[in-house]
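Where a number appears in this text, it was derived from the coordinates with a stated rule and is not lab data. Predicted, not measured: the structure shown is a model, and the values here were computed from it. Note: ideal-geometry Cβ built from the backbone for every residue, glycine included; neighbour counts use all protein chains shown.
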Amino acid sequence: MDSIIVEGPSKLEGEVTVSGAKNAVLALMPACILAPGRNRFTNVPDLADVRTMIKLLKILGAEAELQDGTLIIDSSGLNKWVAPYELVRTMRASVLVLGPLTAMFGRSRVSLPGGCAIGERPIDQHLKGLGLLGAEIEIEEGYIETSASKLKGNIVPFDISTVTGTENIMLASVLADGETILLNAACEPEVMELASVLNKMGARIGGAGTDIITIQGVERLSPIEDHQVMPDRIETGTLMVASALTKGDLFIRKCKFENVGAIIGKLIETGAEISRIDGGIRVRGGDEIKSIDINTLPYPGFPTDMQAQMMTLMSISNGLSVITENIFPQRFMHAGELRRMGADIKLVGNSAVVRGISNLRAAPIMASDLRASASLVLAGLAASGKTKISRVYHLDRGYDGLDKKLEAAGARIWREKD
C-alpha cells in the first residue's frame with residue numbers, strides 16, 4: 001500500500017492538464033449494455049473505479065480494455081445479469097448496471113451497495129423509478145432482484161435530486177414502451193453527458209441539464225464509434241484550489257469553465273484571480289486568503305465533492321468561515337486530520353466552523369475517502385515540513401496521477417511503499 005509524502009510549503013506554477021471525468025465515464029460504461037457491439041471512448045482516466053467497472057462488465061459477459069486513455073467495450077457477448085457483492089461493495093457506482101440490465105434482459109440481480117465513509121447513500125429513488133416503469137422488485141439476501149417482461153414509460157417524480165438515480169432510470173427507460181418523464185431530475189453535467197451519448201446511440205432524450213427530462217422509448221440502440229469523455233470538473237476544482245492555496249499561478253488545461261461556475265465564484269471571493277483562457281482556466285492566488293462561507297448544494301450550486309478541499313483552503317484563511325454540508329451531513333472525517341496539522345475546526349451539526357491560522361504544520365495523517373484524500377494532499381502543499389498521507393488508494397479511485405501533476409507544477413511530492 002502506498003503513502004504520499006508532501007514536503008511543504010510549495011508554490012504551484014506552470015501548466016497542468018485535467019483528465020476525463022470519473023463520474024461521467026462510470027455512467028457511460030453501463031450504457032454499453034444497451035448497445036450490443038463495439039463501443040469506443042477516449043480521454044478515459046485510468047482509475048481504480050474505472051478498472052472495477054471493467055471487471056464488472058467482464059463478469060456480465062462483455063469484453064473491455066483500457067489502454068492509453070482509450071476504452072473499448074464490446075458488449076455483443078454480454079449474457080449475464082448478476083452483479084456480485086464482491087465488486088459492488090468496492091464501488092457504489094456499480095449499481096448503475098441495475099437499470100440497463102432490467103431493460104435489456106427483463107431481469108437483474110444486483111448486490112445492495114452497503115455502507116459508505118461519507119454517510120448513508122440509499123438507492124430508494126432508483127427502486128421507486130424502476131417500480132413506476134413496471135419492474136417487479138424484491139430484495140433477497142442482500143441482493144436487488146428485478147423482473148419485467150417489458151418496461152413501460154411513466155412519470156417518475158424523484159423525492160430528492162439524485163445523480164445516479166436519474167442516470168439509472170434514464171438508462172432503464174430508453175428502451176421502454178412509450179414516454180418517460182423524470183421530474184426533479186439531477187441537472188449535473190455528467191447527466192447531460194450520459195444523455196448525449198445515449199442520443200448518439202439512437203435514444204430520444206430531451207431536457208437533460210434541466211430538472212425535467214423526457215425520454216421517448218426506442219426499439220434498440222447502436223454502439224457508439226467514438227466519444228471523447230468530458231473533463232473532470234472536480235479535478236478542475238481541486239487544481240484551482242491548489243493554486244489559490246499555495247498563492248501560485250497555474251494554467252489548467254482542457255477543462256470547461258462553464259462547469260465550475262460555483263467554484264470559480266467562491267475562489268474569487270477568497271481573493272484569487274481567475275481568468276478564462278482559450279483551452280483552460282488560469283488561477284493566481286491572492287496575497288491573502290479571505291474567509292468565506294460555503295453551502296453545498298446540487299448542481300449548479302457548490303458541489304459537495306469540493307467541500308473538503310475548500311475546508312483546507314479556509315484553514316489558512318484570514319478570518320472565520322462556516323462550511324455547511326447539505327448533501328452528506330456526515331462528510332467531515334477530514335476535519336479531524338486537518339486538526340492534527342494545527343487547523344482550528346469545530347463541528348456543529350452539519351456545519352464546520354473554521355478559524356483560519358497562519359500556517360499548517362506537517363503531521364502523519366490518514367485519508368478516509370476520495371475527496372478527503374485530495375484535501376489532505378492539498379494541506380501538505382501548504383504545511384511546513386513533510387506530511388505523510390496514508391491510505392491514498394482512496395485518491396487513486398478518482399484522480400488520475402494527481403501527485404504527478406502537482407509535481408510537474410513545482411510541488412515536492414512523492415510516493416512511498418508502506
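General observations
- q = 0.23 Å⁻¹: log10 I(q)/I(0) that the Debye formula gives for the range 142-185, counting C-alpha atoms only: -0.85
- Net dipole in debye of the range 22-228 [+1 Lys, Arg Cβ; -1 Asp, Glu Cβ; about Cα centre; nearest 20]: 300
- DSSP beta bridge pairing in the chain, given as percent antiparallel to the nearest 5: 75
- Here the relative contact order of the chain, from alpha carbon pairs under 8 Å that lie six or more residues apart, stands at 22 percent.
- Cα gyration tensor shape for the range 278-418, rounded if a/c is under 1.5, else prolate or oblate: rounded
- Added length on full extension, which subtracts the Cα-Cα distance from 0.36 nm per residue, Ile5 to Ala48: 13.4 nm
- Summarising the amide proton neighbourhood of Ile289: residues at separation of 5 or more, or on other chains, whose placed amide H is nearer than 5 Å comprise Asn318.
- For the chain, with +1 on Lys and Arg beta carbons and -1 on Asp and Glu, the positive-most of Gly134, Gly248, Gly280 along the dipole: Gly248
- The range 118-172: trypsin sites (Lys or Arg not before Pro) falling in loop per DSSP and having at most 13 other Cβ within 10 Å: Lys150
- Of Leu395, Pro298, Ala262, farthest towards positive along the dipole that unit charges on Lys, Arg, Asp, Glu beta carbons give the chain: Leu395
- Cut-off 10 Å between beta-carbons: net charge of the residues surrounding Leu101, Lys and Arg +1, Asp and Glu -1: +3
- Here the simple spin-label model places points 7 Å from the Cα toward Cβ, and for Ile357 and Thr90 these points are separated by 3.8 nm.
- Pairwise FRET efficiency - Glu179 versus Glu138, Cβ, R0 = 45 Å, nearest 0.05: 0.95
- If both residues of a DSSP beta bridge must be in the range 22-228, then about 75% of such bridges are antiparallel.
- Inter-site label distance for Lys55 and Asp278 at 7 Å from Cα along Cβ, in nm: 4.5
- Under 13 Å from the Lys254 label point (7 Å along Cα→beta-carbon), backbone N, the range 1-36: 16-22
- Over the range 278-326, the reciprocal of the mean inverse Cα-Cα separation, the Kirkwood hydrodynamic radius, stands at 12.1 Å.
- Rg over Rh [alpha-carbon atoms, Kirkwood Rh] for the range 22-228: 0.92
- Shape call, the range 196-276: gyration tensor on alpha carbons, a/c limit 1.5: prolate
- Within the chain, longest stretch free of exposed GluC sites (Glu not before Pro) [DSSP loop, at most 15 other beta carbons within 10 Å]: 289-418
- Compared with the dominant principal axis of the Cα atoms in the chain, helix 48-59 is inclined by about 20°.
- Label zone at Lys150 (point 7 Å along Cα-to-Cβ), backbone N below 11 Å, the range 158-177: 176-177
- Based on Cα atoms of the chain, Rg over Rh with Rh as the Kirkwood radius reads 0.98.
- For the range 243-320, the normalised intensity computed at q = 0.21, 0.23, 0.25 Å⁻¹ comes to -0.97, -1.14, -1.29 (log10 of I(q)/I(0), Debye sum over alpha carbons, equal scatterers, no solvent).
- Between Lys404 and Glu225, the contour length at 0.36 nm per residue exceeds the Cα-Cα span by 61.3 nm.
- Three-way shape call for the range 363-412 based on the alpha-carbon gyration tensor, with the a/c threshold at 1.5: oblate
- Taking Cα centre as origin and charging only the Cβ of basic (Lys, Arg, +1) and acidic (Asp, Glu, -1) residues, the dipole magnitude of the chain rounds to 640 debye.
- Over the range 343-383, the ratio between the Cα radius of gyration and 2.2 N^0.38 Å evaluates to 1.25.
- Subtracting the Cα-Cα distance of Ser76 and Glu269 from their residue separation scaled by 0.36 nm leaves 64.4 nm.
- In loop segments of the range 194-233 as defined by DSSP, the trypsin sites (Lys or Arg not before Pro) with at most 13 further C-beta atoms inside 10 Å of their C-beta are Arg220.
- Cross-link pairs beyond the 32 Å C-alpha cut-off, checked among Lys128/Lys254; Lys254/Lys290; Lys254/Lys388; Lys11/Lys256; Lys80/Lys404; Lys58/Lys266: Lys128/Lys254; Lys80/Lys404; Lys58/Lys266
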